[in-house]
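Some notes on the structure that comes next.
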Amino acid sequence: TRIHFVEVKMKSVLNPSRVLKGLVRRQTLPRAGALAQIRSFSGPIPQHKNTPDNNEDTTFDFTKENYERVNTILAKYPTNYKQSACIPLLDLAQRQNDNFLTLAAMNKVAEIIGVNPMRVYEVATFYTMFNREKVGKYFIQLCGTTPCQACGAGEIKETIQNHLGLGPGEEHTKDGLFTLREVECLGACVNAPMVQLNDDFYEQLTPETTVELLEACKAGKPPALTKWGSLPMNGQLSCEGPLGKTSLFDEPPGPGAHMRPDNELVPDEKKEGYLSPEQLKDHMYY
């Protein structure tokens, strides 16, 4: 990349006789032929773009059931700090609207928490969890950072694109069923490569299991998660590794030493306070 420096002279407001000399770096774009060699992450544009279903004239309001959830969320904060509920209310609005956060939905949240709409726009454009453009019924976020890349994320991405008929730079399938987006680390490095499908993690992917996952989604039956709330597609229960639940190179010093009994590590459905993954999602308003 070529860097050019140009000298800029600015007259000081306080002392016109003083001249401030600075350096402004101007970076030129790479040649068109080099673009194909750059791995880029796709994502929504930061500006709002009017569409027939998302403009200043469209409307949005929470359902009666969701207004109860709105009140539950607001009750967690002091009345003079209602703006703290901005993120969970935006999430609730997006979930009600088929994973799509419209301008009208952001305005409704601004009205509820009593702030200027621009304050809500600032939040919605900062966090990538908010979809200000329509996404498919199955929103696939493919982790593309170092551990996943080293374990084959590139091959997984190519498999998804080929199976869904997506060309370079294309995110959405024509039937609106899938959206594919490459994102930064999703925090499941130990089970790389992986994708986040809507709210759920599918891990330890291979090209074969990736196709199985896509076909299950096409049939409307995405694979159920394990009791730990994710699904390694290689048969693991969680992230215990191929040799089982141990990270010791030598034999333990004795039965139970420095270890919790295995029965304490298994969720007890009869124990008070137990929540299944489905109940937990419902409790968190997913």
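The values are calculated or read from the model by the stated rules, or taken from the named source; none is laboratory data. None of the values given here were measured: they were computed from a predicted structure. Using ideal geometry, Cβ is built from the backbone for each residue, glycine included, and neighbour counts are taken over all protein chains shown. Surface accessibility is based on the protein's heavy atoms, side chains included, excluding ligands, DNA and RNA. Shrake-Rupley method; radii C 1.70, N 1.55, O 1.52, S 1.80 Å.
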Those residues of the stretch 215-230 which are under 19 Å from PRO193 (Cα atoms) and open to solvent by 30 Å² or more (accessible area, probe 1.4 Å), in sequence order:
GLU215, PRO222, PRO223, ALA224, LEU225, TRP228, GLY229
Per the filter on the stretch 75-93, residues open to solvent by less than 40 Å² (accessible area, probe 1.4 Å) and in contact with a Ser or Thr (Cβ under 9 Å, 6 or more places away or on another chain) are ALA93
Please verify whether the stretch 223-239 includes one or more residues that are at pLDDT below 80 and under 16 Å from CYS189 (Cα atoms).
no
Could you check LYS157 against (1) buried (at least 16 other Cβ atoms within 10 Å of the Cβ); (2) without any contact (Cβ under 8 Å) to a residue 40 or more places away in the chain; (3) in a loop (DSSP other than H, G, I, E, B); (4) of a type in the set (Lys, Arg) and say which number it fails?
(3)
Scan GLY144, GLY136 and give me the residue that is of a type outside the set (S, T, N, Q), touching a His at 6+ places or on another chain (Cβ under 9 Å) and within 25 Å of TYR286 (Cβ to Cβ).
GLY136
Selection from the stretch 181-213 of residues that are touching a residue at least 24 places away in the same chain (Cβ under 8 Å), of a type in the set (A, V, I, L, M), surrounded by fewer than 23 Cβ atoms within 10 Å (Cβ to Cβ) and touching a strand residue (DSSP E or B) at 6+ places or on another chain (Cβ under 8 Å)
VAL183, LEU186, ALA188, ALA192, LEU197
Of all residues in the stretch 95-118, count the ones that are open to solvent by 40 Å² or more (accessible area, probe 1.4 Å), over 12 Å from LYS82 (Cβ atoms) and part of a helix (DSSP H, G or I).
5
So TYR286, is it in contact with a Pro (Cβ under 9 Å, 6 or more places away or on another chain), modelled with pLDDT of 70 or more and in a loop (DSSP other than H, G, I, E, B):
no
